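Please treat every number below as a calculation from the coordinates, not as lab data. A quick note: this is a predicted structure, and the numbers were derived from the prediction, not measured. Here the Cβ positions follow ideal geometry from the backbone for every residue, glycine too, while neighbour counts run over all protein chains shown.
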Amino acid sequence: MGKRGNNEGSIYKRKDGRWEAKLTVGYDADGKPIRKSSYHKTRKEAQDAIRESQTRLANNLAQLDNSTTLREWSDIWLENKKSALKQSTYENYFYALKHILPPLGHLKLRDIKNVQLQAFLNELGKTKGKSALQKVRIVLYGMLDEAEKNELVLRNAARGLKMPLNVEPEKKREAFTPEEVALIEENAESVAFADVIAILINTGLREGELLAMRRQNVNVENACIYVTHSATRINGKPTLGTPKTPESVRTIPVSDWVLKLITKRLPEDDGFIFQCKNGDILSPRSFLRAYKKALEQMGIRYLSPHCCRHTYATRLHAAGADTKTIQTLMGHTDYALTANIYTHVNEATLRKAVDLLNKTA
């Protein structure tokens, strides 16, 4: 091969006598350069092809300088992504942009530097947990990678961003205690909305899965429920979509008592079991308001609706269910997630284990 031309991109003479012109047009997810090649009869033609590509790229960037900001590009990027994303993923991206755009949205795409993004991520790590930071990093990389592919920036400035060391510790996931569970179940048929909380801690449903339930999702004869959809909030509006993962589509057996609570709420038609007065999906905001009020009336501390899901897994674990079974009932993709996050060992269980150890001493 011939020698690379200075400041010409990469130009080589091939064995077949033609000249190959290579120009780096971007980088893949691993940071490796993406190169485009063209083939020419003479070295001059190859040089002209390189210069033409470089000029076109420069002109595209110049057009962007005075008009397109990260905020403007985020609107285009997210709208283009919308049809290819699950609703839950779209909502995560939307949430991440709420952190990104206030401090960075005014910046012009071409002017964004890696050092700026790293400083932003480091500062965000002082108040936000690892999960939020990962979402933000994914969205930054995705937006700028797409900008690079479209020749709007020379290089993805989010490439190589590192998670800060001073990340706010993730809040400990909590579960209702056995005493609190007993109180919830005791009041399930007397306190408004306590029955919904009882259903959550006895099924492990995600909030969105619960809100999406219809009559057709309840099999009274076999005492089970089918999880087939999930309700989420997009731009403040409740929307029906598919569950979080393929594993989330599942069948959950329920006790006769839980089935009774569910059947009491079954609508006459195939509408939503948990619905507004007009029959629409109950909004997350209305759900949370009723949820909080029920806990207050029962004198129980506030734990998020998702903690009901942790409670379900913890109770299954305490009852002797194996982790694989719990994983299936919870609709988890990752076995480790079930084993390490969703099973909470209460103080009584820990005391029992220590007592066993003491007996052998």
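Table for the structure above
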| item | result |
| --- | --- |
| Entries in LYS82/LYS108; LYS81/LYS128; LYS81/LYS277; LYS108/LYS244 that, when Cα-Cα distance is taken, lie over 29 Å | LYS81/LYS277; LYS108/LYS244 |
| Whole-Å distance, taken between Cα centres, linking the stretch 176-210 and the stretch 68-145 | 37 |
| Length released on extending from LEU107 to VAL249, taking residue separation times 0.36 nm less the Cα-Cα span | 46.9 nm |
| Stretchable slack from GLU123 to ALA318, in nm (0.36 nm times residue separation minus alpha-carbon distance) | 66.2 nm |
| When each of LYS113/LYS149; LYS22/LYS44; LYS22/LYS162 is checked by Cα-Cα distance, pairs over 25 Å | LYS22/LYS162 |
| Burial ranking of peptide ranges 269-280, 126-137 (average Cβ count within 10 Å, highest at the top) | 126-137, 269-280 |
| For CYS224, distant residues with modelled amide H under 5 Å away | ASN219, VAL254 |
| Pair LYS130, ASN150: separation of 7 Å Cα→Cβ label points (nm) | 3.4 |
| Highest to lowest packing among 196-209, 145-158, scored as the average C-beta count within 10 Å | 196-209, 145-158 |
| Net charge contributed by nearby residues that have their C-beta within less than 11 Å of ALA157 (K/R +1, D/E -1) | +1 |
